[in-house]
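Q: One structure follows; several queries about it will come next.
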């Protein structure tokens, strides 16, 4: 068995070793000495073992050993018996309370783990919703926009077939039908190119969205990632300047992608500060800017604009679509998304959006 495979069982092993050490020490000390209290440390280790029953078993064993000492070892001092009983009772109480608090902590950690799993599932749902929205918009747009030119092509093809049957008398009309077919085909191709080029640039359904609430919602979802990366999160919101018009879920997807990239950039560093900063500020008289900066490894040497190219990625398991989709979403909301290197280290991503009329400095 490799040392790595024993890692989950280390708390249980250390707990049993500590029980043995405390028991041996307790046997060699007078009954009046509170030598059984260190059993509580063994219980703390035991509740962290992979077996849920192990903590209860160790605590019960510690209580038995604490009481058994009075029968195993005769009194070596002049301590009165009532003091011995009180001493042992307090030790048993400490062991029991330690078990109780340890179980509560483990249950709290279990609930937090389930909450993190739900947060991860919610993040997956957000990403899936973005993909479905893109596919839905593309399919609906193509079906609607291509219906008219394709219908015209079919009609002109039928007419061309009739004119072709007339021979020389229908040659001129045949050429007109063919030219119309070519024109409608070019129109169809241009529609496809336009849809691909302006994907997600169509005006979103108007809805007031508070960017501060969007950021806080994302932070709540990925708080576990921030803690796992041992990073410091700094938030700074400009009062009265955060309401925009757009899709909340899409803006959550943008913020989430930028913050996740910042966390991953920090995780790739071996030393130095680990800071992710999110702030909102005015960007002109009627725009609000959201900036996500980090102290990570920074942008690639090839340039900041390259990170927005589709399928460009520095991750071994990445698809290279996150930032490209984020920029498309921001541009669909009438904004812009840019990147630059930090002053000393890391990277800075900033997107700005027009504020809702009548909010903050956008009045």
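The values are calculated or read from the model by the stated rules, or taken from the named source; none is laboratory data. Just so you know, these numbers come straight off a predicted model, no measurement behind them. Using ideal geometry, Cβ is built from the backbone for each residue, glycine included, and neighbour counts are taken over all protein chains shown.
Q: Kindly evaluate residue 99 against the criterion of being surrounded by 15 or more Cβ atoms within 10 Å (Cβ to Cβ) and modelled with pLDDT of 75 or more.
A: Working: surrounded by 15 or more Cβ atoms within 10 Å (Cβ to Cβ): yes; modelled with pLDDT of 75 or more: yes.
Yes.
Q: Separate question: Do you know which of the residues in segment 238-273 that are part of a loop (DSSP other than H, G, I, E, B) and crowded, with 19+ Cβ neighbours inside 10 Å is modelled with the highest pLDDT? Break it down into steps so the answer makes sense when it comes.
A: Our first condition is that a residue be part of a loop (DSSP other than H, G, I, E, B); within segment 238-273, this holds for 238-242, 246-247, 268-273.
Still in the running and crowded, with 19+ Cβ neighbours inside 10 Å: 241-242, 246-247.
Working: 241: 70, 242: 76, 246: 84, 247: 78.
Selected residue: 246.
Q: Which one is modelled with the lowest pLDDT among residues in segment 351-363 that are in contact with a strand residue (DSSP E or B) (Cβ under 8 Å, 6 or more places away or on another chain) and surrounded by fewer than 19 Cβ atoms within 10 Å (Cβ to Cβ)?
A: 361
Q: Quick one: which of 303, 298 is touching a strand residue (DSSP E or B) at 6+ places or on another chain (Cβ under 7 Å), part of a loop (DSSP other than H, G, I, E, B) and modelled with pLDDT under 85?
A: Result: 298 is the single residue among 303, 298 that is touching a strand residue (DSSP E or B) at 6+ places or on another chain (Cβ under 7 Å), part of a loop (DSSP other than H, G, I, E, B) and modelled with pLDDT under 85.
Q: Further, regarding this structure: Which condition from (1) modelled with pLDDT under 80; (2) assigned to a helix (DSSP H, G or I); (3) surrounded by 14 or more Cβ atoms within 10 Å (Cβ to Cβ) is the one that residue 193 breaks?
A: If we test residue 193 against (1) modelled with pLDDT under 80; (2) assigned to a helix (DSSP H, G or I); (3) surrounded by 14 or more Cβ atoms within 10 Å (Cβ to Cβ), just (3) comes out false.
Q: It is to be established whether one or more residues within segment 206-223 are farther than 30 Å from residue 295 by Cβ, modelled with pLDDT under 75 and in a helix (DSSP H, G or I).
A: no
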